[in-house]
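Below: the structure, in structure tokens.
The values are calculated or read from the model by the stated rules, or taken from the named source; none is laboratory data. For clarity, every value in this text was computed on a predicted model and none was experimentally measured. Because the Cβ atoms are built from the backbone with ideal geometry, glycine has one as well, and the counts that use them run over all protein chains shown.
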Amino acid sequence: MQPDPTLSLNDGTAFPKMGFGTWRLDDAAATEMVGHAIGCGYRLIDTAKAYDNETGVGQAVRAAEVDRDALFITSKVWNDDHGYDATLRAFDGSMQRLGLEVMDLYLIHWPVPEAGLFEDSWKALVRLKSEGRVRQIGVSNFRAPDLDRIIDDSGVTPAVNQIELHPRFQQRSLRALHERLGIRTESWSPLGQGNLDDDPVLAGIAARLGKSVPQVVLRWHLEQGLIAIPRSGTPAHIAANRAILDFTLSEEDHMAIARLDTGAGRIGPDPSTFTDA
């Protein structure tokens, strides 16, 4: 089994570039599929309070036949838990459900700018990290002005911003800001929720390389310096999604994939308006 490729976070921590997402998996499925993913070599596992599967994820982590220190578990505070005290309570709830002593990465799931509380939530995350209860802190779906506000207010830069990112929605300007600030970009829905499988450009690259379209897309994420967290409820797909370390894309492949980004390929909610609680 090949080791996961890693990249360095802004404090020098080596962090896996390939993870396993658990959105839309219930507790039972999460226990089974996270266990399978860990067995396949995944070491980064992504969950959230909103996914309602932290208990199942925690069961898989505790049952895993790998050292706990080798795993990187991520969870997120949901929109209705924004605010300093509410975020601290939400964190305690996630830790209880996961059955962990320390969280590896804790994120603010959405900025919910209308509520105006994400700066207070960020201060709570800063406290949790200072107390050693979280190893790394970050955000998800934050826009440039949101990042500016929390950094200016706290003096602490997120390790990660987890955003929707795939070949049809490449978020180049936000990624450039991340690069300048020392924030790593983590891609949710890295496979475009299955909407890329019939793309002729990607299919052509896949056929030439003898790989599947999802494998080509995930390899693209890695070569772009991104962290990818694909989700699957099928063991064969979980294994195939990780089998991307034995080939590379050409410069021409990267140029062709770059042209797939129209700027209008967003699938998920718009962070500037999303308030679902």
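Using beta carbons and a limit of 9 Å, which pairs, at least six apart or on different chains, have the first residue in segment 11-28 and under 20 Å from ILE244 (Cα atoms) and charged (D, E, K, R) and the second one assigned to a helix (DSSP H, G or I) and at pLDDT 95 or above?
LYS17/HIS221; LYS17/LEU222
For every residue, the table says whether it meets (1) acidic (Asp, Glu); (2) under 18 Å from the mean Cα position of the chain (by Cα).
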site	(1), (2)
LEU9	no, yes
ASP27	yes, no
ALA37	no, yes
TYR51	no, yes
GLN59	no, no
ALA64	no, no
LEU71	no, yes
TRP78	no, yes
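Do we find a residue being within 24 Å of LEU147 (Cβ to Cβ) and at pLDDT below 95 anywhere in segment 228-245? First the steps, then the outcome.
Of segment 228-245, the ones within 24 Å of LEU147 (Cβ to Cβ) are 228-229.
Keeping just the survivors that are at pLDDT below 95 gives none.
No, that holds for no residue.
Of everything in segment 238-277, what is buried (at least 16 other Cβ atoms within 10 Å of the Cβ) and under 22 Å from ALA48 (Cβ atoms)? Give them in sequence order.
ILE238, ASN241, ARG242, PRO271, PHE274
Kindly evaluate GLU119 against the criterion of being of a type in the set (Asp, Glu), free of Cβ contacts under 8 Å to residues at least 60 places away in the same chain and in contact with a Lys or Arg (Cβ under 8 Å, 6 or more places away or on another chain).
yes
When you scan segment 179-195, do you find a residue that is out of contact with any Ser or Thr (no Cβ under 9 Å at 6 or more places or on another chain), over 27 Å from VAL34 (Cα atoms) and surrounded by fewer than 19 Cβ atoms within 10 Å (Cβ to Cβ), even just one?
Yes, segment 179-195 contains a residue that is out of contact with any Ser or Thr (no Cβ under 9 Å at 6 or more places or on another chain), over 27 Å from VAL34 (Cα atoms) and surrounded by fewer than 19 Cβ atoms within 10 Å (Cβ to Cβ).
Do you know which residues across segment 46-58 are crowded, with 20+ Cβ neighbours inside 10 Å and in contact with a helix residue (DSSP H, G or I) (Cβ under 7 Å, 6 or more places away or on another chain)?
Passing the criteria: THR47, LYS49, ASN53, GLU54, GLY56, VAL57, GLY58.
Yes/no matrix, rows are residues, columns are (1) more than 30 Å from MET255 (Cα to Cα); (2) touching a residue at least 12 places away in the same chain (Cβ under 8 Å); (3) out of contact with any helix residue (DSSP H, G or I) (no Cβ under 7 Å at 6 or more places or on another chain); (4) β-branched (Val, Ile, Thr):
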residue: ASP81; (1), (2), (3), (4): yes, yes, no, no
residue: TYR84; (1), (2), (3), (4): yes, yes, no, no
residue: TRP110; (1), (2), (3), (4): yes, yes, no, no
residue: LEU128; (1), (2), (3), (4): yes, yes, no, no
residue: ASP148; (1), (2), (3), (4): yes, no, yes, no
residue: GLY155; (1), (2), (3), (4): yes, no, yes, no
residue: GLN162; (1), (2), (3), (4): no, yes, yes, no
residue: LEU165; (1), (2), (3), (4): no, yes, yes, no
residue: ARG180; (1), (2), (3), (4): no, no, yes, no
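Going by the structure shown, is VAL66 on the phi < 0 side of the Ramachandran plot, assigned to a helix (DSSP H, G or I) and at pLDDT 95 or above?
No, not satisfied.
For segment 143-156, what are the residues that are among the β-branched types (Val, Ile, Thr) and within 23 Å of PHE274 (Cα to Cα)?
ILE150, ILE151
Looking only at segment 117-146, count every residue that is among the small types (Gly, Ala, Ser) and out of contact with any Phe, Trp or Tyr (no Cβ under 9 Å at 6 or more places or on another chain) and tell me the total.
Matching residues across segment 117-146 total 3.
Okay, residues lined up against (1) over 24 Å from SER173 (Cβ atoms); (2) touching a residue at least 24 places away in the same chain (Cβ under 8 Å); (3) not charged (D, E, K, R):
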| residue | (1), (2), (3) |
| --- | --- |
| VAL201 | no, yes, yes |
| ALA207 | yes, no, yes |
| VAL216 | yes, yes, yes |
| SER232 | yes, yes, yes |
| ILE238 | yes, yes, yes |
| PHE247 | yes, yes, yes |
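Cβ-Cβ distance below 9 Å, separation of 6 or more or different chains: which pairs start in segment 253-264 with a residue that is on the phi > 0 side of the Ramachandran plot and end on one that is surrounded by 16 or more Cβ atoms within 10 Å (Cβ to Cβ)?
GLY263/PHE169; GLY263/GLN170
Working only within segment 255-277, note down all residues that are of a type in the set (Gly, Ala, Ser), more than 17 Å from the chain's Cα centre (by Cα) and under 14 Å from GLU164 (Cα atoms).
The answer is GLY263, ALA264, GLY265, SER272.
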